[in-house]
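The values are calculated or read from the model by the stated rules, or taken from the named source; none is laboratory data. These figures come from a predicted structure and were not determined experimentally. All accessible areas refer to the heavy atoms of the entire protein, side chains included, with ligands and DNA or RNA removed. Shrake-Rupley method; radii C 1.70, N 1.55, O 1.52, S 1.80 Å.
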Amino acid sequence: MAENFTPGETIYLNAGLTSASVSFALAQSAIYPDCLVTNAGTEIAFVGFGVGAQTQATFPGSGALGAVPVLPGESMILRKGVGCSSCAAIVPAGATTLYFTAGQGN
């Protein structure tokens, strides 16, 4: 049975041509295993999750981790993993704003 998404803390990131990251402020957010990602901008973004400010997103390629595409105007729930406290994004052109909501379920 599918479990409805239970939201927690929401943070945002203005992503550009170089990888940038943002961290959740609440410790509970790292415990949640999932993350609702919303691309509120007009450019495709590639997102990734990790621990700490060094978390990076990458462009797709052989062996690229943290290269999940989120299309403009799209929202999707991704498994970030328990313990992941940071979200990262990069865009191939321009800039976009992403919202990350820690939570659980789908």
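Quick notes
- Entry comment: accessible area of the chain is 51 Å² per residue, from protein heavy atoms only and a probe of 1.4 Å.
- A20 long-range amide H proximity, modeled H, under 5 Å: A57, A89
- Between N14 and T42, full extension at 0.36 nm per residue minus the direct alpha carbon distance yields a gain of 8.9 nm.
- Percent carbon-and-sulfur accessible area, the chain, ignoring ligands, DNA and RNA, probe 1.4 Å: 59
- With the convex hull of the Cα atoms taken as the outline of the chain, the averaged projected area works out to 6.4 nm².
- Here is how the number arises for the chain: DSSP H runs of 4 or more residues each give -39500 (n - 2.57), the sum is divided by the residue count, and the result at 222 nm is -1000 deg cm²/dmol.
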